[in-house]
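S.K.: Pasting in a structure now, in structure tokens, and then I'll have a few things to ask.
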Amino acid sequence: FIISGEKHPEMARKFLAGREQVWVYALKIMKAYPLCGVGVGNFLFWVMYDQYGQDYFHDLAGNQYLTFSSGIGILGLLVFLVFLYGIWVEKKGLDKWIFSCVLIILLFQSHFWFSEAFLLFWLLCSLNYRKKSRVFIRQKPLYLVSGLIVGVFILSNVIQFGALHPKNWANEVKTVYDYGFWYQEKDSRGKLFSWTGKKAGIYLHLNEQGKSKKIKLFCGAPLRELKEKQQSVDIYWRGQSYKKLVFKENQEFEFRIDDQFHDEGFLEFRIEPAFNLRRMGLSEEVRDLGIQFYYPE
């Protein structure tokens, strides 16, 4: 969509300011990790880490080229640009004009985040594709340069892999690394909890005895309105089934992870069914909710 600066000056300023801010985040990543970036899909996690405790603009880089460079580094961006150029020079007439428009649009959006847009991009790349006879290039310098770029890219990723894991960023700022949880709320006793969605997970660190802090779940679903009059919660620890709960009434359940062989890992929850109070006609609450999760204190 287009925001008119004349008709809606305040909206236009906010729109441009937000885009400028996420560009700053991406450029900051490129400066800190020029060769390998922070890893595909880690842009938002890095921003949350870098801006922890401050107000920040929660969005992707707003530029597909910056998204690639912040995720896989300048070397990865270079390979992507070479690929685009190879496609562009082969296009003719209207196809080239359309493809050029797409490349310009990518300066202002991170559309590849959406699978539909990514599929459309590949379809545009394949339009009027003509298969050519295979040509073998026998230029040793080209092979050497290509091999050097690939080698540097792989080596930089191997060296930085541990440091660039979101769990380490979260641990460094003393917060939790999780997904699938809604914002924190307080119950009637003033205790903080978060509703989960249908699936959620949190990264836990165990103590020296291989035990976690106490974890509490509370089934707050309108069980009478559910088809089976119950709600099940499958709990997974490090990808393996750990415990299965079936709630037939609104109650809480407390447990600890006990693992003598690992000192950290993901604790995941899969809830069936999740529910939406608005669709059920019970309230104006629009979120899809699973179960109430109390963060370990």
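The values are calculated or read from the model by the stated rules, or taken from the named source; none is laboratory data. Predicted model only: the values in this text are computed from it and were never measured. Note: ideal-geometry Cβ built from the backbone for every residue, glycine included; neighbour counts use all protein chains shown. Calculation scope for accessible area: heavy atoms of the full protein, side chains included, ligands and nucleic acids excluded. Shrake-Rupley method; radii C 1.70, N 1.55, O 1.52, S 1.80 Å.
S.K.: So if I average 1/r over every pair of distinct C-alpha atoms in segment 168-225 and take the inverse, what Kirkwood radius in Å does that give?
M.R.: Taking every pair of different Cα atoms in segment 168-225, averaging 1/r and inverting gives 13.7 Å.
S.K.: State the three equivalent ellipsoid semi-axes of the chain, derived from the C-alpha gyration tensor as the square roots of 5 times its eigenvalues, in descending order and whole Å.
M.R.: 43, 26, 21
S.K.: If you don't mind, there's one more thing I want to ask. Using a 10 angstrom cutoff on alpha carbons, build the Gaussian network for the chain and name the most mobile of L75, L192, L106.
M.R.: L192
S.K.: Counting other Cβ atoms within 10 Å, which GluC sites (Glu not before Pro) in segment 228-276 have at most 11 and lie in a DSSP loop?
M.R.: Taking segment 228-276 and a limit of 11 other Cβ atoms within 10 Å, the loop GluC sites (Glu not before Pro) found are E228, E249.
S.K.: Sticking with this one: Sticking with the crude label model, points 7 Å out along Cα→Cβ, report the distance from F261 to D187 in nm, one decimal please.
M.R.: Result: 3.3 nm between the two label points.
S.K.: Which links in K199/K227; K186/K243; K167/K199 stretch past 23 Å when you go from one Cα to the other?
M.R.: Where the Cα-Cα span goes over 23 Å, the pairs concerned are K186/K243.
S.K.: Starting from the alpha-carbon convex hull of segment 56-98, give the projected area averaged over all orientations, in nm².
M.R.: Directional mean of the projected Cα hull area for segment 56-98 stands at 3.9 nm².
S.K.: Longest span of the chain, sites excluded, free of trypsin sites (Lys or Arg not before Pro) in DSSP loop with at most 10 other C-beta atoms within 10 Å?
M.R.: Value returned for the longest uninterrupted segment is 8-91.
S.K.: Among G239, G62, G197, whose mean-square fluctuation peaks in a Gaussian network model of the chain (Cα, cutoff 10 Å)?
M.R.: Maximum among the listed residues: G239.
S.K.: Given labels modelled 7 Å from the Cα in the Cβ direction, how far is it in nm from V89 to R279?
M.R.: With each label point 7 Å from Cα toward Cβ, the separation is 5.1 nm.
S.K.: For the chain, set up a Gaussian network in which alpha carbons nearer than 10 Å are linked by springs, and say which option among V102, V145, V47 fluctuates the most.
M.R.: V145
S.K.: Could you state the accessible area per residue of the chain in Å², with a 1.4 Å probe and every protein chain left in place?
M.R.: Using a 1.4 Å probe on heavy atoms only, each residue of the chain averages 66 Å².
S.K.: Continuing with this model, one more query. Which percent of the accessible heavy-atom area of segment 231-280 goes to carbon and sulfur, probe 1.4 angstrom?
M.R.: 41
S.K.: By how many nm would the segment from L155 to N207 lengthen if fully extended, with 0.36 nm per residue of separation less the alpha-carbon distance?
M.R.: Fully extending the segment from L155 to N207 adds 15.4 nm.
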